[in-house]
Each structure stands twice: as structure tokens, then as C-alpha cells.
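**Q** Pasting a structure here, questions to come.
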Amino acid sequence: MAKLVTSFLIFFLVFIATSITLIKAQCKYEMIVNTGITKGPSNIKLGVIIEPIGGEGNINTTNLIKNWGAMGRGYTYFLPNSSDRFRTKLPCMVDNFCWIGIKGKKGELNPHWHINNITVSTKGSGGIDSLKTFPFLEEIETVYPYASQGECP
């Protein structure tokens, strides 16, 4: 009987340990978009993809303002010379950020939207704490497929 209890206890502990490692740790993500001298889109669904080195575990949202917006209800995003903050909690990335892409719902952004830079950070116990600024420093001239910055090895 003691062997049966011991075997069951060992099986149970192994099962718990395996289950815990399969649950992906959550990290807090923050993105700050610094708009330049011209207004950006404030009433369309912006999609954002953030890619890590190695390409595993991309972050992809189809409605940045609704899902990540941290400036409060009724706030107008992407006004000239503004900094807009976005936050969310997602599974941790296993590596640092290397590329970011932004696009509108149907490919439209706002031609002539001037983005100074976008800073992305993450903090959490289960991944890499990262901070990366993607310098756009330019007016968005193309609207499809993405306004993007960065280069992944």
C-alpha cells in the first residue's frame, strides 16, 4: 500500500511540475507612440505586429486603441507632437524585439502622418525584460502593407 501511495504521489508531483511549465508566463507590454508635426489616424482600427529575434511569439493586435489604449475614454490619439501610451498583458516573448509594423484596417493609415518613434517595453518574471525604440523620424508615405521599422537577424 505504501508503494502505491508513493507512486501516486510521485506521479502527481510530476504532473503538476509539467503543467506549470506548459503555462506561459505573462508579461506587461507598453508601447509609446511619439507623433511628429502632423496628426495620425484616430478613428480607424490600427493593427500592430511586433516581432522578436528568431520570429517566435509575435505580438499581433488588430485594434491597438481599443485593446491596448491606456490614455482613458474619450482621449484623441495621435495628435501632432503627442506621446500616446498603450498597455497590455500577454505571454512573454522569448527574445528581444527586432521589428514593428503598423497598418490600418484595410491597409489605410494616414498618408503624411509623421511618426518620430515608437518605444516598446516588456516586464515580467517569465521572459526577457526589453526596451527598444524604433526610430521612424519620417512621414508615412506608403499605406500598404505596413509602415515598419527595424531589422531582424
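The values are calculated or read from the model by the stated rules, or taken from the named source; none is laboratory data. Treat the numbers as computed from the prediction; the structure is a model and nothing was measured. Positions of Cβ are backbone-derived with ideal geometry, glycine not excepted, and every protein chain shown enters the neighbour counts. For the accessible areas, the whole protein counts, side chains as well, though only heavy atoms, and no ligand, DNA or RNA atoms are used. Shrake-Rupley method; radii C 1.70, N 1.55, O 1.52, S 1.80 Å.
**Q** Go through the stretch 97-106 and report how many residues are open to solvent by less than 60 Å² (accessible area, probe 1.4 Å) and not small (G, A, S).
**A** Residues of the stretch 97-106 open to solvent by less than 60 Å² (accessible area, probe 1.4 Å): 97-102, 104.
Narrowing the set further to residues that are not small (G, A, S) leaves 97-100, 102.
The number of residues fulfilling the criteria is 5.
**Q** Listed residues L79, L46, L90; which is surrounded by fewer than 16 Cβ atoms within 10 Å (Cβ to Cβ) and in contact (Cβ under 8 Å) with a residue 24 or more places away in the chain?
**A** Working: L46 fails: surrounded by fewer than 16 Cβ atoms within 10 Å (Cβ to Cβ); L90 fails: surrounded by fewer than 16 Cβ atoms within 10 Å (Cβ to Cβ).
Among L79, L46, L90, only L79 is surrounded by fewer than 16 Cβ atoms within 10 Å (Cβ to Cβ) and in contact (Cβ under 8 Å) with a residue 24 or more places away in the chain.
**Q** Given the structure, is K24 open to solvent by 60 Å² or more (accessible area, probe 1.4 Å), touching a Cys at 6+ places or on another chain (Cβ under 8 Å) and either part of a strand (DSSP E or B) or modelled with pLDDT of 90 or more (or both)? Walk me through how you get there before you give the answer.
**A** On the way: open to solvent by 60 Å² or more (accessible area, probe 1.4 Å): yes; touching a Cys at 6+ places or on another chain (Cβ under 8 Å): yes; either part of a strand (DSSP E or B) or modelled with pLDDT of 90 or more (or both): no.
Here the answer is no, as K24 does not meet what is asked.
**Q** How about the stretch 78-119: which of its residues are at pLDDT below 90, under 14 Å from K39 (Cβ atoms) and either assigned to a strand (DSSP E or B) or in contact with an Asp or Glu (Cβ under 8 Å, 6 or more places away or on another chain) (or both)?
**A** Matches in the stretch 78-119: F78, P111, H112, W113, H114, I115.
**Q** Among the residues of the stretch 52-76 satisfying the criterion of being among the polar types (S, T, N, Q) and closer than 22 Å to H112 by Cα, which is surrounded by the fewest Cβ atoms within 10 Å (Cβ to Cβ)? Working first, answer last.
**A** So the first thing to find is which residues in the stretch 52-76 are among the polar types (S, T, N, Q), and the list is 58, 60-63, 67, 76.
Filter again for closer than 22 Å to H112 by Cα, leaving 62-63, 76.
Values: T62: 13, N63: 14, T76: 11.
Once the filter is applied, the top-ranked residue is T76.
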